[in-house]
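Some notes on the structure that comes next.
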Amino acid sequence: MMPGHRSKSEKHEGGEKQLRRDPYEVLGVLRNSTDQEIKTAYRKMALKYHPDKNANDPKAADMFKEVTFSYNILSDPDKRRQYDSAGFEAVESDNQELELDLSSLGAVNTMFAALFSKLGVPIKTTVSASVLEEALNGLVTIRPLPLGHYVSKRVEKQCAHFYSVTITEEEARAGFVCRVQSSDKSKFKLLYFDQEDNGGLSLALQEDSAKTGKVTSAGMFFLGFPVYRLDQTMNSIAAAKDPDTSFFRKLDGFQPCELNELKAGTHVFAVYGDNFFKSANYTIEALCAAPFSEEKENLRSIEAQILSKRAEISKFEAEYREVLAQFSEMTSRYAHEIQSIDELLKHRNEIHASYTITPFKRSTSKSRSKSSSKENKEDGQTREKRSTRDRPKKKKWYNIHLRVDKRKAC
């Protein structure tokens, strides 16, 4: 077992430091445990310490939080790698998202959760502890679901409808699909249960519904080869932090399903109402994959391409980050050079201005001297005009009156 890592915030009780326990130790699994083993261990412990079953027991409540916190680290491949390499410091323990049991939230908290969900905040929900306990104790009603037939029902919020599907050896080899959809876009979970020796049922797989066109849908594929699911919640959280991180983490949620095939016999599925306030309408159908040989090959091919692309993007990220750092350095220098040039030109223009622009005082005195000389000139002209008017007018030669004898002929 790996020793407990020291977290960012250490609790102090009675003067002694309490460290967070190693998540592998909390869940009772090995460091090389598979995703399915981790998930199975979590669900058993979460059911054991769930607040619904341990009312007024603070130790059970603390244990439930610790189990959920540990699972949130180990169920995320990226956070699990970070924890394995550097401990709690690397996984940003203060920002872990939790899976909420809506049946235990109460009206007010459920309203807040519904509001955040409407605003696009990804909220993981878990199946109600009461439903899991009834299934484990064999107290649920199971309806038969024949292959090739569909059933349409309405399930109440935080409740489940159980169905049994029986397949032959030939059908098991050909592959099997169970699918559910809701035409009114209700939220639901598709569940698959393992049958225990005592006749009870333990949750083994779950798929959350997702919007697909005008409906919400979920499906489980048991085709005899690895089939993958894409967890969009991881990418939504990354997108809120950084668009670049969102792109490079887009395929991190592309993980293999825990089961690839089912053996011949009877298997139990359930549809769980995951709406906050209302019931969920749904249609469930079980199909043999034999008629879909071309679709199976296409699925195998496209998922292989996605895995190849994920490896390619992982290598590309390092190159991109390096070039981006250089680009940031160049743009920073570009802005600095622009500022430097502008300051030099501004200083140069100020020096030029000191020579080319006449000082304000000098121009004022000059204008005053010009105006005074003009006034003196105007005064001189006025006096000259006045003296001219005062002198007697001389008769000009063309104003001389000539005496003309009218009697003489001209």
Practice item. Please identify which residues in the stretch 202-232 have an amide N closer than 15 Å to a label point set 7 Å out from the Cα of LYS53, following the Cα→Cβ vector. Key: 202-204
Practice item. Quickly work out the GLU133-to-THR34 label distance, labels modelled 7 Å from Cα along the C-beta direction, and quote it in nm with one decimal. Key: 3.1
Practice item. Arrange the following residues from fewest to most other Cβ atoms within 10 Å of their Cβ: MET220, MET63. Key: MET63, MET220
Check your understanding: With each label point set 7 Å from Cα along the Cα-Cβ vector, what nm distance links ASP244 and ALA61?
Key -> 4.4
Point to revise | Contour minus Cα-Cα distance for ASN198 and ILE302 (0.36 nm per residue) | key: 33.3 nm
Exercise for review: Estimate the FRET efficiency between ALA264 and GLN326 by the formula 1/(1 + (r/R0)^6), using the beta-carbon distance for r and 51 Å for R0, to the nearest 0.05.
Suggested key: 0.30
Point to revise | Under 5 Å, built H, 5+ apart or other chain: amide partners of TYR228 | key: CYS257
Practice item. Kindly identify the stretch 137-309 as rounded, prolate or oblate by the Cα gyration tensor criterion: order the square roots of the eigenvalues as a ≥ b ≥ c, call it rounded if a/c is under 1.5, otherwise compare a/b with b/c, prolate if a/b is larger, else oblate. Key: oblate
Revision key, fill the gap. Neighbour-count ranking for CYS178, CYS159 (other C-beta within 10 angstrom, fewest to most) reads CYS159, CYS178
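Taken together, the values in this text are just the output of simple stated rules run on the coordinates, not laboratory data. These numbers were taken from a predicted model, which means no experiment stands behind them. Virtual Cβ from ideal backbone geometry, glycine too; neighbours counted across all protein chains shown.
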